[in-house]
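Quick notes on the structure that follows.
The values are calculated or read from the model by the stated rules, or taken from the named source; none is laboratory data. In this text, all values refer to a predicted model and were calculated from it rather than measured experimentally. Cβ placement follows ideal geometry from the backbone for every residue including glycine, while neighbour counts extend to all protein chains displayed.
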Amino acid sequence: MKLLLMLMALSTARAEFLHIEVFMKDMNCASCADSLGKAFEKMRGVQHVEVNMDKGTVALELADTNRVTVEQVWDTVKRIGFTPGDTKVTVRGNVKDSSLTISVIDKTIAIEGRVPQGEVALKGTITPPADSRARITLRVP
């Protein structure tokens, strides 16, 4: 894992979300899932969308220098009628102490787990907070 982080750190000139995969417990409507895919296809910065009814997930591959936030993704999921759950992400940014700064979207998120300091790309999980105003936390294995 450390080697992966170090290799990814070498290529982190920008800071943004690269991949977001949201799990939904209540994905049980095929036409709604289709609507979800179409909504993300229209979102600026999304390169590829994959909706999986069996797994109850929507996965997004994001373009370089995109401005997509995980909160925007959760809001879109809610607008279509699903409840966002644990969200796997790949994000690059600048780690200082226990915070990750994502400069492209001017956002700082808390980090749980040991990660190197400086410019890095991280994989981890974020759980949507009950209060949308609460700070989000990236859990890194």
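Miscellaneous remarks
- Within region 122-141, considering residues that are farther than 12 Å from residue 86 by Cβ and among the charged types (D, E, K, R), the one surrounded by the most Cβ atoms within 10 Å (Cβ to Cβ): 123
- Given (1) free of Cβ contacts under 8 Å to residues at least 60 places away in the same chain; (2) touching a Leu at 6+ places or on another chain (Cβ under 8 Å), index of the condition residue 89 fails: (1)
- Evaluated against (1) crowded, with 18+ Cβ neighbours inside 10 Å; (2) out of contact with any Pro (no Cβ under 9 Å at 6 or more places or on another chain); (3) assigned to a strand (DSSP E or B), residue 108 falls short on exactly one condition, (1).
- Those residues of region 111-141 which are in contact (Cβ under 8 Å) with a residue 40 or more places away in the chain and in contact with a Pro (Cβ under 7 Å, 6 or more places away or on another chain), in sequence order: 128, 136
Listed here are the residues, each with its yes/no results for (1) crowded, with 20+ Cβ neighbours inside 10 Å; (2) among the β-branched types (Val, Ile, Thr); (3) in a strand (DSSP E or B).
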| position | (1), (2), (3) |
| --- | --- |
| 75 | no, no, no |
| 78 | no, no, no |
| 82 | yes, no, no |
| 88 | no, no, yes |
| 91 | yes, yes, yes |
| 101 | no, yes, yes |
| 104 | no, yes, no |
| 116 | no, no, no |
| 119 | no, no, yes |
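- Condition met for residue 97 (at positive phi and free of Cβ contacts under 8 Å to residues at least 24 places away in the same chain): yes
- Any hit, region 45-52, residues being surrounded by 14 or more Cβ atoms within 10 Å (Cβ to Cβ), on the phi > 0 side of the Ramachandran plot and either at pLDDT 95 or above or in contact with a strand residue (DSSP E or B) (Cβ under 8 Å, 6 or more places away or on another chain) (or both): yes
- Subset of region 1-22 (residues that are surrounded by fewer than 19 Cβ atoms within 10 Å (Cβ to Cβ) and either in contact with an Asp or Glu (Cβ under 7 Å, 6 or more places away or on another chain) or modelled with pLDDT of 95 or more (or both)): 9, 12, 14, 19
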